[in-house]
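The values are calculated or read from the model by the stated rules, or taken from the named source; none is laboratory data. None of these values were measured; they are calculated from a predicted model. Methodologically, a virtual Cβ is constructed for each residue, glycine included, from the backbone with ideal geometry; neighbour enumeration extends over all protein chains shown.
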Amino acid sequence: MKQAGVIFTEYQLSLEKGLEVNLIGHSVCNRGWSICNRHLPDMEFIVVYSGQLLCEIDHIPYLLKEGDGCLIPPGVLISQYSHNGPCRFFYTHIETGFDVIEEDKRNELISKYINAQEENQEQFFILPPREEKDNWLFLGSHMDMIEYKDEIFTLFEKALLERNQQAPGYLYMLSLYVQQILSLASRCFLKKAQTQAKQVEREQKKLVQDTLSYINAHYAEGINIRLLSADFFVSQQYLTRVFKAAMGISPIKYMNKIRIEQAKKLIRTTNENLSSIAFEVGFDNIYYFSRTFKQYEGISPLHYRNWLNSKSNQ
């Protein structure tokens, strides 16, 4: 996902086979602190407690403020700096299954998860059987977690207490605390994703309505998909995909359908020759007009006119 020139990588974590906590801690860093050019063998999750932390992941900078989180996958090049003063942050290194969420699958994957969660709300007192989706967590390379920051800070503090005391079962307790932390982070991610999805849905509906209005008003002006997409500042592929998802046909097929309907009306109500009608409804040559007309109506425009004439003579 890309916002304001910054690329945010998003991940789907699976807890199906559990989660291993390799390291957990709390850093207090003075102005000018940095640790550069590391490659970690495991996944790191960071939450800023105060100040600002600049994380560079494969040379992409992410500026984290209080309550922000960052997930760093294993094997990538990372550098970290205190930014404009001292900073404090919690961190944990974990091992668990994960995949990068591809952009074209993002909305489908997250919607599937959210819808499944909403369906489960009907069974309030009886917990539903655990399914594969219940092992999923969604996190990103930069997350605003201000809504749950106090809970997350408290969980980190409890986890650090377990680490220090090392009472029987402390490793299991550490894993449970970290899973709770990641679950809260995932909730923040999904809530923002829902808001973004609704905004995208509104924008797509408006794009379709604007495209329909434009085609209906300008179908006779020789427009094409390149001009349409340029007018709405989107790519040809995006416009075609969004329009087809809403209308069942591509913008060009819809425009040709409008043109053919108008051509039929002119053939019925005027004596204009077919070449003039073709140009009047937006086709730049009679051959393309005839071929398109036959695709939609099953007969050529000439046969359509002859059929109308034969009916009127009966």
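Listed here are the residues, each with its yes/no results for (1) in contact (Cβ under 8 Å) with a residue 12 or more places away in the chain; (2) over 27 Å from Lys133 (Cα atoms); (3) in contact with a Pro (Cβ under 9 Å, 6 or more places away or on another chain).
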{"site": "Glu10", "(1), (2), (3)": "yes, no, no"}
{"site": "Asn30", "(1), (2), (3)": "yes, yes, yes"}
{"site": "Asp68", "(1), (2), (3)": "yes, no, no"}
{"site": "Leu71", "(1), (2), (3)": "yes, no, no"}
{"site": "Gln80", "(1), (2), (3)": "yes, yes, no"}
{"site": "Asn84", "(1), (2), (3)": "yes, yes, no"}
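For Leu212, state whether it is out of contact with any helix residue (DSSP H, G or I) (no Cβ under 7 Å at 6 or more places or on another chain) and in contact (Cβ under 8 Å) with a residue 40 or more places away in the chain. Before the answer, list the steps.
Details: out of contact with any helix residue (DSSP H, G or I) (no Cβ under 7 Å at 6 or more places or on another chain): yes; in contact (Cβ under 8 Å) with a residue 40 or more places away in the chain: yes.
Answer is yes for this residue.
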Considering only residues that are surrounded by fewer than 19 Cβ atoms within 10 Å (Cβ to Cβ) and over 24 Å from the mean Cα position of the chain (by Cα), look in segment 132-151 and name the one that is farthest from Arg187 (Cα to Cα).
Asp150
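One line per residue, one yes/no per condition, for (1) touching an Asp or Glu at 6+ places or on another chain (Cβ under 6 Å); (2) outside the structural domain of Val100 (by TED's automatic domain parsing); (3) of a type in the set (D, E, K, R); (4) part of a helix (DSSP H, G or I):
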| position | (1), (2), (3), (4) |
| --- | --- |
| Leu127 | no, no, no, no |
| Tyr148 | no, no, no, yes |
| Glu151 | no, no, yes, yes |
| Leu182 | no, no, no, yes |
| Gln194 | no, no, no, yes |
| Leu207 | no, yes, no, yes |
| Ile215 | no, yes, no, yes |
| Tyr219 | no, yes, no, yes |
A careful count of residues in segment 241-265 that are crowded, with 18+ Cβ neighbours inside 10 Å and either more than 20 Å from Tyr214 (Cβ to Cβ) or of a type outside the set (Phe, Trp, Tyr) (or both) gives 8
Name the one entry in Ile260, Ile277, Ile249 that is free of Cβ contacts under 8 Å to residues at least 40 places away in the same chain, on the phi < 0 side of the Ramachandran plot and not in a helix (DSSP H, G or I).
Ile249
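Listed here are the residues, each with its yes/no results for (1) among the aliphatic types (A, V, I, L, M); (2) outside the structural domain of Ala193 (by TED's automatic domain parsing); (3) in a loop (DSSP other than H, G, I, E, B); (4) crowded, with 18+ Cβ neighbours inside 10 Å.
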site: Gly18; (1), (2), (3), (4): no, no, yes, no
site: Asn22; (1), (2), (3), (4): no, no, no, no
site: Gly25; (1), (2), (3), (4): no, no, no, no
site: Arg38; (1), (2), (3), (4): no, no, no, no
site: Val48; (1), (2), (3), (4): yes, no, no, yes
site: Tyr62; (1), (2), (3), (4): no, no, no, yes
site: Pro74; (1), (2), (3), (4): no, no, yes, no
site: Tyr81; (1), (2), (3), (4): no, no, no, yes
site: Gly85; (1), (2), (3), (4): no, no, yes, no
Here's a check for you: in segment 189-222, which residue that is among the hydrophobic types (A, V, I, L, M, F, W, C) and at pLDDT 90 or above is nearest to Phe156 (Cα to Cα)?
Leu207
